[in-house]
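Below is one structure, written out as structure tokens; comments come after it.
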Amino acid sequence: MNFSEWEKTVPDAIRQDALWKVEAYRLAVFAGEVGWLDVTALSADRRTWGVSDQLYRALGSVSANLAEGYSRSTGKDKAHFYEYSLGSARESRDWYYKARHVLGDEVANHRIQFLTQVIRLLLKMIT
């Protein structure tokens, strides 16, 4: 599934929210969606149950913290949640590196590059 195809499946209630205009948020939600498939693959190998749990939590946290920060009224509050989102994006990238033994180098490297793009966008939002 690519981003364009996936985006068409997102409910209107989400796509019509002002938050949807934030590129980092859209990409973070997509990362969570793609991560679902990766976590399913990791869960099939008992050795990576912990990795799958941590990865899924970290991926979900990227968009969730962005959403919460976007809803805050002060710049300082927004920045805190954007920083949490940044931390979760970096954590997700780290878990993908560890998951490469099960997911394969091609998939892991793709996800790492994708999350690096999210990280760059988040850094711009914070500074």
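Within the range 104-124, residues that are part of a helix (DSSP H, G or I) have Cβ atoms under 7 Å from residues that are open to solvent by 90 Å² or more (accessible area, probe 1.4 Å) and hydroxyl-bearing (Ser, Thr, Tyr) in these pairs: 108/97; 112/97, counting only partners at least 6 apart in sequence or on another chain. Within the range 50-59, does at least one residue satisfy the condition of being of a type outside the set (A, V, I, L, M) and under 23 Å from residue 5 (Cα atoms)? Yes, the range 50-59 contains a residue that is of a type outside the set (A, V, I, L, M) and under 23 Å from residue 5 (Cα atoms).
Considering (1) farther than 19 Å from residue 19 by Cβ; (2) among the small types (Gly, Ala, Ser); (3) touching a helix residue (DSSP H, G or I) at 6+ places or on another chain (Cβ under 8 Å), the lone condition that residue 69 does not fulfil carries the number (1).
Counting only residues that are in contact with a helix residue (DSSP H, G or I) (Cβ under 6 Å, 6 or more places away or on another chain), open to solvent by less than 30 Å² (accessible area, probe 1.4 Å) and of a type outside the set (A, V, I, L, M), the range 93-117 holds 1 of them. Restricted to helices (runs of 4 or more DSSP H) entirely inside the range 1-75, those with at least 1 residues that are modelled with pLDDT of 95 or more, among the small types (Gly, Ala, Ser) and open to solvent by less than 40 Å² (accessible area, probe 1.4 Å) are 23-43, 49-70.
The values are calculated or read from the model by the stated rules, or taken from the named source; none is laboratory data. Given the structure is predicted, the values throughout are model-derived calculations rather than measurements. Cβ sites come from the backbone with ideal geometry, for glycine too, and all protein chains shown count toward neighbours. Areas reflect the complete protein model, heavy atoms only, side chains present, ligands, DNA and RNA absent. Shrake-Rupley method; radii C 1.70, N 1.55, O 1.52, S 1.80 Å.
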